[in-house]
Amino acid sequence: TLPDGPLGLAFKDVTFSYNPDKPVLQHITFSLRPGERLGIIGRTGSGKSSLSRVMLRLYNINSGRIEIGGVDITQLELPDLYRRVGMVTQDVQLFDGSLRDNLTLFDDQISDEFIMETTQRLGLSHWIDAQPEGLDTHLSAGGASLSAGEAQLFALTRVFLTQPSLVILDEPSSRLDAATESILQTAVDQMMEHCTGIIIAHRLSTLEQVDRIMVLGGGKILEFGGREQL
Ligand code: ATP
Ligand code: MG
C-alpha cells in the first residue's frame, strides 16, 4: 500500500509519553515531502530519539496520527514498514549469527558484491578484511570486536544495504573522528539522493546538507524552518 520511491512523512498533533505522568512529545505537527531532508537538533532529553522511535512503532503514541507515504502507520504491516523505513540509532544491536546475516538482516536478495561495495564506500572494509572468515565469520550477540566508531559504521552499512525510502539517522557520527566523519558524510549524501531523510544531531554544524531544521525542546517544536531562517 505504500507508494514507490521516497516517502513523505506527516506528524499530526502527536503526543507521546513512556509513563502517564511525563509527556515526552507534546502536540507535534510537521510534514516532509518525499525526498526532503530534515535536521533535528535539541538538548539532551528533548525528545529527538523518542520522535524517531514512534515513527517505527517501537512505541505507540497516546494521541494524534503519524503518516508515512500518506498512510497511517498503524495501518501498515510491520515488515512493510521496516522494509521501507531505516533507522540508525545511537547504538548497534548485533545478534548470534554470521557477519553477512548481521549486515543484511537475512535479506538474501543482497549480494556479497553489494555488501563489499557498500562497506568499501563507508570505510568498514578494513574491519571486515581483518575477520578470519570474511562475511562468513560468526558474530556473537554483544561480543563483536567493534570499536564505538566501527559499531556506528556497522549500523549505517546495515541501513545502506536495505536501500530505504525514508531513513532516520540518530546522531550517526557522534563517535567518529573527523576523517571518518567526512567519508561518512559523502556516503550519507549519496544515500539521501534516493530517499527522504531525517538526521538527528547535537550540533547545527553537522547538518550542512539538510533542507529544513527542527529545534526540539521539552518535547515541543521550538522552531521549524529552512536552514537560512535559523
Ligand atoms: P539525547 O540528545 O541525549 O539523545 P533525546 O533528545 O534523544 O536526548 P530522548 O531519548 O527522546 O531524548 O528522551 C526524551 C525523554 O524521554 C527524556 O526525559 C528521557 O528521560 C525519557 N525517556 C527516554 N527513553 C525512555 C524510556 N525507555 N522510558 C522512560 N523514559 C524514557
Ligand atoms: Mg537521543
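See the values below:
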item: Nearest-ten-degree value, helix 178-192 long axis tilted from longest Cα axis of the chain; result: 70 degrees
item: Region 76-148: relative contact order as a whole-number percent, Cα under 8 Å and 6+ apart; result: 47 percent
item: Crossing angle, helix 148-162 versus the chain [Cα axis fit, 0-90 degrees, rounded to tens]; result: 80 degrees
item: On Cα atoms only, tilt of 112-122 relative to the major axis of the chain in degrees; result: 60 degrees
item: Estimated inter-spin distance, ASN62 and ASP129, nm [label 7 Å along Cα→Cβ]; result: 5.3 nm
item: For ILE40, residues with placed amide H under 5 Å, excluding near neighbours; result: ILE199, ILE200, ALA201, MET214
item: Convex hull volume of region 5-109 per residue (C-alpha atoms, cubic angstrom); result: 137 Å³
item: Equivalent ellipsoid semi-axes - Cα gyration tensor, the chain, angstrom; result: 30, 19, 17
item: Dipole of region 133-230, positive end: most advanced residue of SER147, PHE224, GLY134 [Cβ charges, Cα centre]; result: PHE224
item: Computed over region 1-129: relative contact order in percent, which uses C-alpha pairs under 8 Å that are six or more apart; result: 23 percent
item: Inter-site label distance for ASP96 and GLN109 at 7 Å from Cα along Cβ, in nm; result: 3.0 nm
item: Under the Karplus curve 6.51 cos²θ - 1.76 cosθ + 1.60, θ = phi - 60°, whole-Hz ³J(HN,Hα) for region 5-10, x wherever Gly or Pro sits; result: x, x, 9, x, 9, 9
item: Sequence-distant residues sharing a close amide H with VAL167 (under 5 Å, placed H); result: GLY86, THR196, GLY197, ILE198
item: CD proxy at 222 nm, helix term only [per DSSP H run n ≥ 4: -39500 (n - 2.57); per residue of the chain; nearest 500]; result: -8500 deg cm²/dmol
item: Fewest-first sequence of ASP101, ASP129, ASP211, ASP170 by Cβ atoms within 10 Å of each Cβ; result: ASP129, ASP211, ASP101, ASP170
item: Per residue convex hull volume, Cα atoms of region 111-186, in Å³; result: 106 Å³
item: Under 17 Å from the Cα of LYS12 - lysines, other chains or at least 8 residues apart; result: LYS48, LYS220
item: Amide H contacts of ASN62 (H built 1.01 Å from N, under 5 Å, at least 5 apart or other chain); result: THR15, PHE16, SER17
item: Relative contact order of the chain, pairs being alpha-carbon contacts under 8 Å that are 6 or more residues apart, as %; result: 31 percent
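No lab work stands behind these numbers, since they all come straight from the coordinates. None of these values were measured; they are calculated from a predicted model. Every residue, glycine as well, gets a Cβ built from its backbone with ideal geometry; the counts of neighbours run over all protein chains shown.
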